[in-house]
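**Student:** I have a structure I would like to understand better, so I am pasting it below and will then ask my questions one at a time.
Values in this text are rule-based calculations from the coordinates and carry no lab data. Here the structure is a predicted model, which means the values were calculated and not measured. Virtual Cβ from ideal backbone geometry, glycine too; neighbours counted across all protein chains shown.
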């Protein structure tokens, strides 16, 4: 049965106020910006945003008033450094106060993996001795075999994971390549999964390369065809990183008033993702497509 639907339907039917939502699980690539913009348009509130590095996506959602908590390793602008909305929320409670559960990139991967495995925690050496290791998400433990001192990372099971992938079939079986980040762990840890993808393909395409099926369809709740849905972050093979967009955002979010103008121009004042791409412009979109093909060598799956 097809799980295809529109982006607004997927967000409306899956994301509710107060939920924990994993996004940006591919680190600096495959960030589902189009889905984040739809969350803003639908005025979702009180979300716990989960990711290792979300780049500017979490900063946008914070500034739009959608987030009440951040569970992440870092929030900001990879190109420019500072996330102005995040800083305003932490220092001035604008638009409102924000709770933060701090992780390292590695520990949040462990937390998601623990939930994916159905375990309450996973042990690690990492983060021991750091200030944030004193948080409720960590506990010191002793190895029952070696008596070595370790740190237990509490499992993290988001209500929803929103993930961008290169291609998927209508049942949600998805091919992903390049830097996977914690995409596989998030898909298996979450209660529900929304996939946005650059391309919808026949199931035979998925079957032709089974080792690239990082997300199986039985985990997926909705599939949405959203070409350039990760813009301005890259999707290997489909879209390059739009560095200028990040620098422009950094300048245009420096003040609360300027961010409101940016939000109106790019999110609230356009008709969904197609309107966003129209605002971006055909010339800019074309310039961000890969300039040449760089295929891997063929693999023989015959037996």
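**Student:** Taking neighbour Cβ counts within 10 Å as the exposure measure, how do 102, 185 sort from fewest upward?
**Tutor:** Details: 102 19, 185 24.
Ordered from fewest to most neighbouring Cβ atoms within 10 Å, 102, 185 come out as 102, 185.
**Student:** If you don't mind, there's one more thing I want to ask. Can you put 117, 90, 1, 23 in order, fewest other beta carbons within 10 Å first?
**Tutor:** On the way: 117 13, 90 16, 1 4, 23 28.
Fewest-to-most ranking of 117, 90, 1, 23: 1, 117, 90, 23.
**Student:** Could you give the nm distance between label points at residue 301 and residue 16, where each point is 7 Å from its Cα heading toward the beta carbon?
**Tutor:** Those two pseudo-labels are separated by 3.9 nm.
**Student:** Please report the antiparallel percentage of the DSSP beta bridges confined to segment 47-174, to the nearest 5.
**Tutor:** Working: 11 of 21 bridges.
Within segment 47-174, antiparallel bridges account for around 50 percent of the total.
**Student:** Using the number of other C-beta atoms within 10 angstrom as an exposure proxy, rank 145, 33 with the fewest first.
**Tutor:** Taking fewest neighbouring Cβ atoms as first place, the list is 145, 33.
**Student:** Using the Cα atoms of segment 180-248 to build a convex hull, what is its mean projected area in square nanometres?
**Tutor:** Averaged projected area of segment 180-248's Cα convex hull equals 5.6 nm².
**Student:** To continue, here is another question. Using a Gaussian network model on the chain with a 10 Å cutoff between Cα atoms, which of 240, 167, 284 fluctuates the most?
**Tutor:** Top of the fluctuation ranking is 284.
**Student:** Using Cα pairs under 8 angstrom and six or more residues apart, how large is the relative contact order of segment 201-303, in percent?
**Tutor:** Reported relative contact order: 21 percent.
**Student:** Based on alpha-carbon centroids, what's the gap between segment 195-222 and segment 253-293 in Å, whole number please?
**Tutor:** 27
**Student:** Need one number: % antiparallel among DSSP beta bridges in segment 151-268, to the nearest 5. Spell out each step's value before the answer.
**Tutor:** Numbers: 5 of 17 bridges.
Roughly 30 percent of the DSSP beta bridges within segment 151-268 come out antiparallel.
**Student:** What distance in nm lies between label points placed 7 Å from Cα along the C-beta direction at residue 148 and residue 125?
**Tutor:** With each label placed 7 Å out from Cα toward Cβ, I get 0.6 nm.
**Student:** Take the alpha carbon atoms of segment 41-116, find their center, do the same for segment 136-162, and report the distance between the two centers in whole angstrom.
**Tutor:** Cα centres, segment 41-116 to segment 136-162: 21 Å.
**Student:** Something else now. In nm, to one decimal, how far is the residue 264 label point from the residue 96 one, both placed 7 Å along Cα→Cβ?
**Tutor:** Result: 2.3 nm between the two label points.
**Student:** May I ask you to compute the full-extension gain from residue 134 to residue 87, defined as 0.36 nm times their residue separation minus their alpha-carbon distance, rounded to one decimal in nm? Walk me through the numbers before you get to the answer.
**Tutor:** Values: separation 47, 0.36 × 47 = 16.92 nm, distance 2.26 nm.
That pair, residue 134 and residue 87, stretches by 14.7 nm at full extension.
**Student:** Which whole-number percent gives the relative contact order of the chain, counting Cα pairs below 8 Å spaced six or more residues apart?
**Tutor:** It rounds to 19 percent for the chain.
**Student:** A further question follows. Of all DSSP beta bridges located in the chain, what percent are antiparallel, nearest 5?
**Tutor:** Around 35 percent of the beta bridges assigned by DSSP in the chain are antiparallel ones.
**Student:** With springs only between Cα atoms under 10 Å, which of 77, 85, 179 fluctuates most in a Gaussian network model of the chain?
**Tutor:** So, out of 77, 85, 179, the one fluctuating most is 179.
**Student:** Out of 144, 210, 158, any idea which swings most in a Gaussian network model of the chain, alpha carbons joined below 10 Å?
**Tutor:** 144
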